[in-house]
1. Taking only C-alpha pairs under 8 Å that are 6+ residues apart, what is the relative contact order of the chain in percent?
2. Enter the accessible area of T124 (Å², nearest 10), with the probe set to 1.4 Å and all protein chains included.
3. In debye to the nearest 20, how big a dipole does the range 155-210 give about its Cα centre with +1 on each Lys and Arg Cβ and -1 on each Asp and Glu Cβ?
4. Please list, in order, the residues from the range 459-477 whose amide nitrogen is less than 15 Å from a point placed 7 Å along the Cα→Cβ vector of Q616.
5. At 1.4 Å probe size, put T547, T247 in order of accessible surface, largest to smallest.
6. Taking a threshold of 29 Å on the Cα-Cα distance, which of the pairs K372/K460; K378/K410; K238/K304 fall above it?
7. Within the set of other residues whose C-beta is less than 10 Å from the C-beta of S246, count the net charge using Lys and Arg as +1 and Asp and Glu as -1.
8. Given a Förster distance of 41 angstrom, what is the FRET efficiency for A123 paired with T288, based on the Cβ-Cβ distance and rounded to 0.05?
Amino acid sequence: MNKTKILLLAITGMMATAFTACQSDDIDSAAGGDANANVYNVTADVDAAQDNQPGSRVLSVDATNKKVLHSTWAAGDKLIAFVSSDGTSNTRTSYWTIAADKSGKGSTFTGKIAAKGNAKVKATDDLCFFYPADAVGKSIEPVTETGKDDGKPYHDESQKISNLLGLNMTRQDGTAETIGKLYDYQYKQVKPKSIVGSNLNVSIGNMKRIVSLWGLRFTDNNNQILTNIDSVYISNVKGSDVFNLSTGSFVTNNPADESMNIVVTPPTGQKVSSAGGKYTYISLFPGTYTDVLIMVYVGNKCYKKEYASITFDEGKVYHTDLLSMPEVLPQPYVQVQGIKWATGNFIHYGPETGGYWGIAPAQWWISRRAVKLGSDRKPAANGTLQSSQFESSPTQTTDDVDLFRFGDIKNALKLDKGTYTPRDITVDKYYAPKVLGIHQEVDRSQAEFGDIVRYYTADKKQKYRMPTEADITNLYNKANAIPAYCMTEQGTFVYGAYFTTAGAIRVQSFPTRVNSLYKYTNVTALVRANKGLFLPITGRRMDLSPTMGYRDMTYRAGAYGQYMTSTANTVALSRDFLFGPTKWEISPNAKGQAKAIRPVWISGEEDSNHKPILDQDYKNLQNTLKIW
């Protein structure tokens, strides 16, 4: 696939920002441990804001020139005020803030600040100011380092204020106004100008924007302007990170804190649109990003644009027109490490007699992908819509099956049975029990056991088989594997592992530990674009039981995906691939257990333009469920 290097046009750089005196205002009324502290009245002197260089909470697009952003301070605009040397040891539960007392390009900001405990603020102390304070609890959280994975730190939310701020821009609405309120991160560190009693004067000067802004416009594959856009996904661009107020820089070598995607979703009842020259604005962290994928969803259609490399400089605003974006169409397989994997697990869906047997309509598909759960995590009519990965002991039903026993064809939907075959199913053969229950080779029309994937796809336009242990070992030993999740067509999240072909340095991030959902990256757009293999965490059914165990992502012992191979370990054991919060292994497991199957593509038909011909029942299922 040809990848075009993006040309970014930077408009005027950073806007100077203004403050000239201040007022006190906390984010909440909790005083934490500072009741007896030396509290100082702060007066801040800051340069005036200028048009066309956005530098304040209130951002608006010019009525005639959509590339021009106007900016003014609004009365009540707030900055976090923090004493740098407090680090992570301040016991206060809310940040001190300073606020603008009037609207305009220039304003006065007043407020209070105090150091930890009863310490005095000295003229030699560094004071940190961060905008926007109103975003705390929304796109900003105080965090603390809670551990390390392979020597790389990770951070969790803190109940106390900290010099470490977790910044999250993964979910935006595409408007400059919302960016100004939640994502226009700006910072400055200065020393007091003077301290007289409890009055502290400081000259902040220009605030430094630590993000970049990007305005986008879209057209479809026929170069028609896109107007009814449901969402925009930008993958392989950083959407979250940790910023250190004391150093004025981002924490490094902390990939667990760095979600590599941004999703733009408009407010309920609205659409993203490029009509009338309108730009969709996003805020993002500066840096150079490779293999960037932009996906635009319009109804059941999806359009994409790829870039080999993009560089965003700190504080700049960019504008790009994404023209003639090709439509993304379903494919029969995705290739990882040279193996062509099906774009979904093997499933049965619909009536027990007949129904659909074949490849799932999406890579993230699991049984009970969307169910309403009550506070006890059991089905409830007025519950919260979630996937079965958050359901307590979910039960599989015959109309929605994604777990199967080794070689079982005839009784595959008898969920309370434990039938399996002791024979080898890595070959294209079928079996049925004969004398004394011995499984002998039979014609496919008489098959009771064998490779169930081959059995149900042998007469289809796209043919598949179960994976061998060698196929699975290729993923286990060679492919990149990261914790990931996809959003279903109903808005629920399905967690799993995302595999890609490894380069010179392999990335393998399992096991993840329990209660580590923050490590999982949104790969919905990548999966939709047929880039990479996504295996959902599916758990397994024990012999003689329809209950799905180890699917629950909140289970203390850890959930896991258990993917069956066609390779037998012994008469009663098969070789399976297990991964999840506590698992990363290929091991022998009972054949009577029901497990997930991700098929491998064998062959398929093409049309005169060499495009794959997908099976009609597969397309019907996708269309009926509005997957595409």
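The values are calculated or read from the model by the stated rules, or taken from the named source; none is laboratory data. Just so it is clear, the model here is predicted, and its values are computed rather than measured. For neighbour counting, all protein chains shown are included, and Cβ atoms are generated from backbone atoms with ideal geometry for every residue, glycine included. Heavy atoms of the whole protein, side chains included, go into the accessibility calculation; ligands, DNA and RNA do not. Shrake-Rupley method; radii C 1.70, N 1.55, O 1.52, S 1.80 Å.
1. On the way: 1767 pairs, mean separation 71.4, N = 628.
RCO, the chain: 11 percent.
2. 100 Å²
3. Numbers: 8 positive and 5 negative charges, 75 e Å.
Roughly 360 debye for the range 155-210.
4. Residues passing the 15 Å test: 460-462.
5. Values: T547 50, T247 90 Å².
From most accessible down to least: T247, T547.
6. Values: K372/K460 35 Å; K378/K410 31 Å; K238/K304 18 Å.
Cα-Cα > 29 Å for K372/K460; K378/K410; rest within.
7. Values: positive: none; negative: D86, D126.
Local net charge: -2.
8. Values: r = 40 Å, r/R0 = 0.97.
With a Förster radius of 41 Å, E is 0.55.
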